[in-house]
Amino acid sequence: MEKSKYAFLLMGSEFTPEKQQAHFETEKRHTYIFTIQNFEQAKEKVLELQREGFGALELCGAFGENRCRELIELTENKIAIGYSVHLPFQDSLFNAFFSG
């Protein structure tokens, strides 16, 4: 049986995608962490992952719901795509952390 493929995408202009990535393998799954610098790179990466047979993707919170929906449309809803969120009462903590 072929192992399933899952990826988490982190988006930030400070990343160097060629260097900053990780791969974990278990008995049933390949799990990857990929970095990208912007949404245009994300679209290219998601299409690449689709061609490579990835079945599920998780996006960091920087994507938000609208960009998540755009990637779902880009892949014709053939890959499970979600995005990370936090509870609204922690907005000030997240804003302080990511603005600094």
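What follows is calculated from the coordinates using simple rules that are stated; it is not laboratory data. The structure displayed is predicted, hence computed values, not measured ones. Please note: Cβ atoms are built from the backbone with ideal geometry, for glycine as well, and neighbour counts cover all protein chains shown.
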| query | Could we say that L74 is farther than 16 Å from F8 by Cβ and under 15 Å from the mean Cα position of the chain (by Cα) here? | reply | yes
| request: Give the number of residues within the stretch 22-42 that are in contact (Cβ under 8 Å) with a residue 12 or more places away in the chain and closer than 18 Å to Y83 by Cα. | output: 11
| query | Among all residue pairs at least 6 apart or on different chains, which show Cβ distances below 6 Å where the first residue, located in the stretch 72-100, is closer than 18 Å to C60 by Cα and the second is assigned to a loop (DSSP other than H, G, I, E, B)? | reply | Y83/F63; S84/C60; S84/G61; F94/H86
